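My questions will all concern the structure given below.
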Amino acid sequence: MKTWYIPDAFYPGSKNGEYVSHEAICFLNVGHEDALVSMTLYFEDREKLEGFSVVVPGERTVHCRMDRIRNRDGVPVPTDTPYAVKVECETELAVQYTRVDTTQAELAIATTIV
């Protein structure tokens, strides 16, 4: 099992203008087989949320928008709440996290390869 950690995630619940704040975890699978990715969210003040998953087809990329994903119980990623993500997969992947923050007139983007 391969594991990646994203310790500083935050999905802003407000926006400024037409652009929507969002986060994405982007996956690149250069292998031939599909990869099942599981994600667990951890919080400062509540129990973890499990059951988030995405399939990354072989030789493809998936941009998983965290404002659109739901876990197996239909629970979304909470807004305006700091959290961390544990990403797990049986397959070697490239994993990139990006946050687009549009809560101020000066739009911000942050990204990192994990």
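How large is ³J(HN,Hα), in whole Hz, for each residue of the range 52-68 in order, when computed from phi with the Karplus curve 6.51 cos²θ - 1.76 cosθ + 1.60 and θ = phi - 60°, using x for Gly and Pro?
Once rounded to whole Hz, the list reads 8, 8, 8, 9, 10, x, x, 6, 9, 10, 10, 9, 8, 6, 6, 7, 10.
Whose amide H sits under 5 Å from the amide H of Asp34, counting only residues 5 or more places off or on another chain, with H placed in the peptide plane?
Gly58
With mean projected area of the Cα convex hull in nm² in mind, check [x] 7.9; [y] 11.4; [z] 7.2 and report the label derived from this structure.
[z]
Something else now. Over the chain, what is the relative contact order in whole percent, taking alpha-carbon pairs under 8 Å and six or more residues apart? Present the calculation step by step, with values, prior to reporting the outcome.
On the way: 278 pairs, mean separation 46.3, N = 114.
For the chain, the relative contact order is 41 percent.
Out of the total accessible area of the chain (probe 1.4 Å, heavy atoms of protein only), what percent is carbon and sulfur? If you can, show how the numbers build up before the last one.
Numbers: 3300 of 6740 Å².
About 49 percent, which is the carbon plus sulfur part of the accessible surface.
Now a separate question. Could you report the chain's accessible area per residue, 1.4 Å probe, as an integer in Å²? The partial results should precede the final answer.
Working: 6740 Å² over 114 residues.
Accessible surface, normalised per residue, equals 59 Å².
Right, something else. Taking H placed 1.01 Å from N in the peptide plane, check which residues at least 5 places from Tyr11 or on another chain put their amide H under 5 Å from its amide H.
Correct list: Asp80, Thr81.
Can you give the charge dipole size of the chain about its Cα centre, rounded to the nearest 20 debye, using +1 on the beta carbon of Lys and Arg and -1 on the beta carbon of Asp and Glu? Write down the numbers at each step before the final one.
Working: 11 positive and 18 negative charges, 29 e Å.
It comes to approximately 140 debye.
Accessible area, 1.4 Å probe, largest first: how do His32, His22 sort? Don't jump to the answer; show the numbers that get you there.
Working: His32 150, His22 40 Å².
Sorted descending by solvent-accessible area, the residues read His32, His22.
The values are calculated or read from the model by the stated rules, or taken from the named source; none is laboratory data. Every value quoted in this text rests on a predicted model; they were computed, and no experiment measured them. Counting neighbours? That spans all protein chains shown, and the Cβs are built from the backbone with ideal geometry, glycine included. Just so you know, the surface numbers come from the protein's heavy atoms only, side chains and all, with ligands and any DNA or RNA stripped out. Shrake-Rupley method; radii C 1.70, N 1.55, O 1.52, S 1.80 Å.
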